1. Expressed in nm to one decimal, what extension gain is obtained for the pair A:Leu405 and A:Thr7 from 0.36 nm per residue of sequence separation less their Cα-Cα distance?
2. If neighbour count is taken as other Cβ atoms inside 10 Å, put A:Lys486, A:Lys479, A:Lys395 in order from fewest to most.
3. Ignoring everything except DSSP H segments at least 4 long, calculate the 222 nm mean residue ellipticity for chain A; use -39,500 (n - 2.57) per segment, divide by total residues, nearest 500.
4. Which FRET efficiency value, to the nearest 0.05, do you get for A:Ser233 and A:Tyr202 by plugging their Cβ-Cβ distance into 1/(1 + (r/R0)^6) with R0 = 25 Å?
5. Please list, in chain and number order, the residues 5+ apart from A:Ile488 or on another chain whose amide H is under 5 Å from its amide H, with Hs placed from the backbone.
6. If contacts are Cα pairs under 8 angstrom and at least 6 residues apart, what is the relative contact order of chain A in percent?
7. Remind me, relative contact order of the range A:26-164 in percent, using alpha carbon pairs under 8 angstrom and six or more residues apart?
8. Would you work out which of A:His107, B:Asn41, A:Val447 lies farthest towards the positive end of the dipole of the protein assembly as shown? Charges go on Cβ: Lys and Arg +1, Asp and Glu -1.
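Bear in mind these aren't lab numbers, they're just calculated from the coordinates by the rules spelled out. This structure is a prediction, so every number in the text was calculated from the model and none was measured. No Cβ is skipped: glycine too gets one built from the backbone with ideal geometry, and neighbour counts run over all protein chains shown.
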Amino acid sequence: MWRDHLTEIIIFTLLFLLVSAMGFVAARWRAPKDMEHLDEWGLGGRNFGGWITWFLVGGDLYTAYTFVAVPALLFGAGAAGFFAVPYTVIIYPMAFLVLVRLWSVSHRHGFVTPADFVRRRFDSPTLALLVAITGIVATMPYIALQLVGIEAVLKTMGVTGESPLARHLPIIVAFAILAAYTYQSGLRAPALIAFVKDSLIYIVILVAVLYLPYKLGGWGEIFAAADARFDASPSPGDGVLLNQNNQLQYITLALGSALALFLYPHSLTGVLAARNRDVIKRNMSALPAYSLLLGLIALLGYMAIAAEVTPLPGASEGTVDNNTVVPLLFDQQFPSWFAGVAFAAVGIGALVPAAIMSIAAANLFTRNIYKEYLRRDATPAQEASVSKVTSLVVKIGAVACIVFLDPQFSIDLQLIGGVIILQTLPAVALGLYTRWFHRGALIAGWVAGMGLGMWMLYQIPNPATGRAHFGGSAFPLEKFGLDTPKTIYVGLVAVAVNLLVAAIGTLVLRAGRVPDGVDGTEPDDYFADEDDPRSIPAPREETEAAGADTEPAPKL
Amino acid sequence: MSEPGTEAASTASTSRAKDHSPWNWLLFVPIVVPLVTPLFNADSPRLFNFPLFYWLQLAFIALGVGTTTLVYQMTKKRR
C-alpha cells in the first residue's frame, strides 16, 4: 500500500520537482547568444568544460536502468552479472584516442551526429542513413528502459493502480515534464540536472556500501549468503565465480558492450558537447569513478540476497521482477526518508539519460533524414525546431512502448540495440582511422552483420520465462555445430562477420573499379582543437552542395 | 574538394606528430588485462573478505585510471 510509504513518496516528489524546476531554468544557464541553433539546443553550445562533461557523460552512460538491472543480474545469476565492471574499465582506454579524433573532425566540420561524419567521410548518403536509422532504433528502447527503472521504484513505493493507465499515470506525468523542459532547454537541462542526480547517487551508494555490510554481518557473510543461494539453486550457470562454460561469454560480452557504448548516439552527443580535446582526454581518466560506483552498486545484489529480499511479482503471472530487489533492499534496511532519497536518485537518474537520448535521436533525424532527404536548405533555426519537436515524438514513443507493450519487449529491444549499434563500428570507429573500406562494402557488411545478429538472437531461448526466441545475448556455440556447452556474445560475432564482409567487399569493388566517392575530410581534421582557425561554423552549405550532386540521393 | 587543402598540408605533419606517441601503446594494458578471466576467477586470496574475483576487478579500475592519466600527461601538448 502506498500509505505505508508516504515519507518516501513525499521526498521523491520534492526532489523530482526540484530538478524539474532546474530543467526549465537551464535554458538560461551559460546563456547562449541564440538558442535557435542546433549547436545550442542539441549540443549545449559545444562548450562544456571538464566538470560538466564528467557529470553529463557519467549521468548519460550509467543510467538508472544500469543501476537497477546490474544488481538484479548479480542477484539472479551471480558472477556473470559482474561483467559490467570490466566492460566499463576497458571502454575508456579504448575510446581515449578514438573520441578525440571524432571530436576534432566534428569540430572542424560542424558535425552533430556520427552519421554526419560518415556522410562526409564516405560520401554516401545511403551509408549515413543506415547509421542514423541504426542509431535511432537502438536508442528508442533504451529510453523506454529508463521508464522501467522508474517503474521499479514506483512499484516498491506501492504506487500502482488497477488499470494499465492508472498504473502508468505517474510515469506519463514525469515524462511530460521531462519532455517540456528538454524541449525548452535542450542539452543544457540534463547537463544541469546531472549534478543533482550524480551527487545523490554517490551519497546514497557510499552510505549503502558502508552501512549495509555492517548491518548484515560483514562482507564475508554477504558473499557466503550468495554462495549458499547459488549452491542451492538448480541452475548450472550461476555462482559467485564464473564456471568453465560462461567465461567466453563474460569476455565477449564485456568487450562487445565496450565497443558498442561509444557508438550509441547519446554517448557521442555528450562527447561532442565538450569544449576541447583535453576535456575529453581528462574525462577518460575521471569517468572510471563511475565504474567504481557501478561495481559497488552491483554488489547490492548480493546484499539483497543476504538480507533475504524477495522480489515483487512481475507483469505476468508466476514471474518475479528482479529489478525491484535494490529498491526493496533500501525500503527494508533504511529509514524511509533515506529510502526516499535513494528512490529519487534512481528516478532522476532515469531522466538525465532519457533526455540526452531523445536529443541524440532527434539530432539524427534532423540532420540525416530531414535535412538530407526532406529539406536540403534547412536553416540552423529550422534544424533546431525540427529537433525539438522530434524529441517530443521520441519520448511519446518511449512512453507508448511501456504503457501498451510488455516491458519485457523493451528489454528485448535494448538487447537487440546493443547488437545492432555495433554494426556501425566499421563505418564510424574504423572510419575515423582509415578510408580504406569502400562505401559499398561497408553497406554490405552492415547488412551481413545485422542479418546474422538477428538470426542468432532469434535462436536464443530463455529457459526462465519459457520463451523460445530473443531470450538473451548468449549464443550457444552448439548451434554452430560445435560440440561445446559454451556461449558467446552475439554482437561480437556479428561485427566480426560485418568486418569480414566489408574487407572482402572492398577488395572486390576496388578490383571492379566501382566509384568510391570523395573523402570530404583531410588528415589534419582529426587533430584540430578548440582554437582551430579553420573550424567551420555550423551552416556550411557551400561544400555540402558541391558533394551532393556527385551521387543522386536515394529515395526514402 | 574545396580550396583549403594546400596550406593545411604543412601543418598536418606537425600536428600528427603530437597525436602519435609510443606511450599510446600502453593503453592496451588496461584493455587486455581485465578480459583475462583465468587471472581473477578465483576465491582466494581474499581482501577485506572480498573474493579475488571481485576485489581484483575493482582494482583494475585503478589500473585503467593510472594508464590513461599517464598517457595523457606524457602526450600532452607543451605550451
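1. Result: 140.1 nm gained on full extension.
2. A:Lys479, A:Lys486, A:Lys395
3. Result for chain A: -22000 deg cm²/dmol, rounded to the nearest 500.
4. Calculated value: 0.15.
5. A:Phe475, A:Leu477
6. Details: 940 pairs, mean separation 166.9, N = 556.
Result for chain A is 30 percent.
7. Details: 48 pairs, mean separation 27.2, N = 139.
Reported relative contact order: 20 percent.
8. A:His107
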